[in-house]
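The values are calculated or read from the model by the stated rules, or taken from the named source; none is laboratory data. Model, not experiment: these values are computed from the prediction. Cβ atoms come from the backbone with ideal geometry, glycine included; neighbour counts cover every protein chain shown.
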Amino acid sequence: MRPRRETAIAQRPGTPPGPRRSAVPVEYAVAVDRYLAESSLGAASRRVYRISLTSWAWALVGRQAPYGTGRRGAAPPVVPLALLDSTHAGTRLATALAERGTQTDTRTVNRELSALRGAVAWWQDQGWIAGDPTAGLRHLPGQAPPVPALTSGQVAELFRVRATLREHAFWRLLYDSAAHVDDVLGLDAGRLDLAHDRAPAGRPGHPGQLWIHWRDNTGDLLRLLLAGRSAGPVFLTDRKAPARAARADVCPFTGRARMSYRRAAEIFGAVTRPLDPAGRGWTLGQLRQAGPGS
């Protein structure tokens with residue numbers, strides 16, 4: 001029997017002796033793959049982590065990552081993993097963090113930073129990098145700076161843009177009700193009272209049940225959106241749900257998953273960027289604040 005061939009192990013200078021580690025990957029993307037392969041994350045969470053970690057690749061080479069719908073499927077730059085040990089890695093990441101904070105909600109930005117910190121710590125444990133380029137980074141304050149509500153003219157512009165039926169139904173419902181975004185995205189078809197233009201928010205039977213109300217024209221859009229669907233999430237993604245998705249978050253008729261806050265915010269930002277003089281796009285919170293129910 002031929003002896004098994006041992007794999008050579010690359011080791012960085014100064015790495016303390018210890019248990020044998022795997023070969024150091026040359027590219028950042030490969031390091032991301034190995035980190036996720038060894039993680040205990042579920043399939044859905046692993047996909048979200050991959051998107052978050054991939055977005056930092058642009059920052060490491062001093063480039064701005066695509067935003068919104070352009071971010072999905074964009075080919076990231078090839079980044080040597082050794083760049084994480086360079087003297088300018090921390091500064092570039094800090095710049096990207098600040099820029100990202102102007103584009104999306106605080107919760108998403110902080111989650112992306114946490115994903116990077118977790119990966120960096122694991123890569124350090126493997127001896128693949130020596131330093132921590134995230135050491136000087138801090139989570140954004142929990143309370144995001146207030147932003148002005150959209151004006152009536154901006155709302156009118158929004159409702160004239162070309163977008164899918166799902167988007168227009170979602171935006172109008174959020175505008176009419178001024179309900180929390182999570183509550184609107186959490187609506188299920190079987191719980192909508194279309195005859196009275198309302199739906200209960202949150203869990204069924206919750207004490208002090210709150211109701212989400214909308215106007216007649218929004219109700220018409222919801223009827224069109226739900227044609228043939230009497231159960232499952234009202235607002236669905238364009239893709240089939242992953243195997244590990246919760247049953248309550250999957251449409252029993254189409255097999256598609258409930259749309260996430262993150263995805264809804266990305267779409268809204270991308271669609272409204274041409275309407276925003278600052279070129280950043282508007283937020284769902286600005287639309288929510290503008291409505292008659294706010």
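Kindly indicate which of Arg280, Arg256 is assigned by TED's automatic domain parsing to the domain that holds Glu167, charged (D, E, K, R) and free of Cβ contacts under 8 Å to residues at least 60 places away in the same chain. If you could, list the steps in order and put the result at the bottom.
Working: Arg280 fails: free of Cβ contacts under 8 Å to residues at least 60 places away in the same chain.
Just one listed residue meets the conditions, Arg256.
Number of residues in region 105-136 that are of a type in the set (S, T, N, Q) and either crowded, with 21+ Cβ neighbours inside 10 Å or more than 18 Å from the chain's Cα centre (by Cα) (or both): the value is 3. Among the conditions (1) at pLDDT 85 or above; (2) surrounded by 14 or more Cβ atoms within 10 Å (Cβ to Cβ); (3) part of a helix (DSSP H, G or I), Ser45 misses just one, which is (1).
The single condition among (1) within 25 Å of Val147 (Cβ to Cβ); (2) within 19 Å of the chain's Cα centre (by Cα); (3) not in a loop (DSSP other than H, G, I, E, B) that Thr218 does not satisfy is (2).
For region 84-104, the set of residues classified as over 16 Å from the mean Cα position of the chain (by Cα) and not in a helix (DSSP H, G or I) consists of Ser86, Thr87, His88, listed by residue number.
Considering every residue within region 157-164, establish whether at least one is part of a helix (DSSP H, G or I) and of a type in the set (A, V, I, L, M).
Yes - at least one qualifying residue is present in region 157-164.
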